[in-house]
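Accompanying notes for the structure given below.
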Amino acid sequence: MRREVKKSLDVLHDTGLMAASQDYAQGGMQLPAAVAQMCVGLLKGAKVGTQSYAGLTIAAANLIVAQGSEHQQEKYAELMMVGRFFGTMCLTEPHAGSSLGNLRTRAVPREDGSYRLFGNKIHISGGDHEPSENIIHMVLARLSDAPPGVKGISLFIVPKVRIEDDRSLGDRNDVALSGFIHKMGYCGTTCTMLNFGEKDGAAGYLVGEPNNGLAAINAKKVPATWKRPWRIRPFIWKLSAIQSSAGCG
């Protein structure tokens, strides 16, 4: 990754714009959604491939805030909003593509309440890179007794590096980069293939209720700052690209 990307992202979270619309108490600026999205448009016009790291991180952090426990919010989401950790969404699998009902990544429960995940994910934007201390993967997987189809999907937090209770970094988790994929129009953003559980299993932590992962992402409880940007983001990309090419950005 180019050094300029790291510098740009440092400036982004130092100014607070990385979490522009999030609550002030959680490290955000608490700006109105319209103002925050205007900022996103300007940043995308400058370089969509750089801004995407921040966008993915805040989307994952919003999901933890909406569906995770208070402990998970403090341990993961708050550090993501201030730019210390970055985030991803790990949904797509090699054999299934966008058919999430056919995913095979499995989660095995442990006595301490955590899980061990085994499986493969592809097309994971921002799945591995240097700019942050850690990457928090939001992973869809199945429990052994899960019903078939989309009603048997659970959501897990899987950090690249394990995090201690005092929020310091621990040992490397069993998450491996297996390759890169090129996404058209997404130059500058790493697009990866990830293997979970090549050894003893990737440590993961259930978010919300079992078998409710896909529903949790689309739940009414999830704030508009998670869902609405994904619906209007393609239009923001197009508009910002037009403005930049015309010298209006």
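The values are calculated or read from the model by the stated rules, or taken from the named source; none is laboratory data. If you're wondering where the values come from, they're calculated on a predicted model, not measured in any experiment. Cβ placement follows ideal geometry from the backbone for every residue including glycine, while neighbour counts extend to all protein chains displayed.
Some observations on this one:
- Hits in the stretch 17-56 (condition: polar (S, T, N, Q) and in contact (Cβ under 8 Å) with a residue 60 or more places away in the chain): S21, Q22, Q37, T50, S52
- Note on the stretch 6-58: among residues that are in contact with a helix residue (DSSP H, G or I) (Cβ under 9 Å, 6 or more places away or on another chain) and among the charged types (D, E, K, R), the one that is surrounded by the most Cβ atoms within 10 Å (Cβ to Cβ) is K44.
- In the stretch 74-96, the qualifying residues are those that are aliphatic (A, V, I, L, M) and either surrounded by fewer than 21 Cβ atoms within 10 Å (Cβ to Cβ) or in contact with a strand residue (DSSP E or B) (Cβ under 9 Å, 6 or more places away or on another chain) (or both), and the one that is farthest from A107 (Cα to Cα) is V82.
- Extreme residue, surrounded by the most Cβ atoms within 10 Å (Cβ to Cβ), among residues of the stretch 59-73 that are more than 13 Å from the chain's Cα centre (by Cα) and of a type in the set (S, T, N, Q): Q67
- Residue match in the stretch 74-93 (condition: farther than 20 Å from T15 by Cβ, assigned to a helix (DSSP H, G or I), of a type outside the set (A, V, I, L, M, F, W, C) and within 12 Å of the chain's Cα centre (by Cα)): yes
- The residue that is modelled with the lowest pLDDT, counting only those in the stretch 97-131 that are surrounded by 15 or more Cβ atoms within 10 Å (Cβ to Cβ) and in contact with a helix residue (DSSP H, G or I) (Cβ under 8 Å, 6 or more places away or on another chain), is P131.
- Answer residue from the stretch 32-53, given it is closer than 14 Å to E4 by Cβ and not hydrophobic (A, V, I, L, M, F, W, C) and is modelled with the lowest pLDDT among those: K47
- Restricting the stretch 1-58 to residues that are under 19 Å from T190 (Cα atoms) and part of a loop (DSSP other than H, G, I, E, B), the residue that is nearest to the chain's Cα centre (by Cα): M1
- Residue in the stretch 181-198 that is of a type in the set (D, E, K, R) and modelled with pLDDT of 95 or more present: yes
- Where strands (runs of 3 or more DSSP E) fall wholly inside the stretch 121-211, no range has 3 or more residues that are under 16 Å from the mean Cα position of the chain (by Cα) and free of Cβ contacts under 8 Å to residues at least 12 places away in the same chain.
- Of all the residues in the stretch 94-112, those that are part of a loop (DSSP other than H, G, I, E, B) and in contact (Cβ under 8 Å) with a residue 24 or more places away in the chain number 4.
- Conditions (1) in contact with a strand residue (DSSP E or B) (Cβ under 6 Å, 6 or more places away or on another chain); (2) within 19 Å of L63 (Cα to Cα); (3) surrounded by fewer than 23 Cβ atoms within 10 Å (Cβ to Cβ): number failed by V139: (3)
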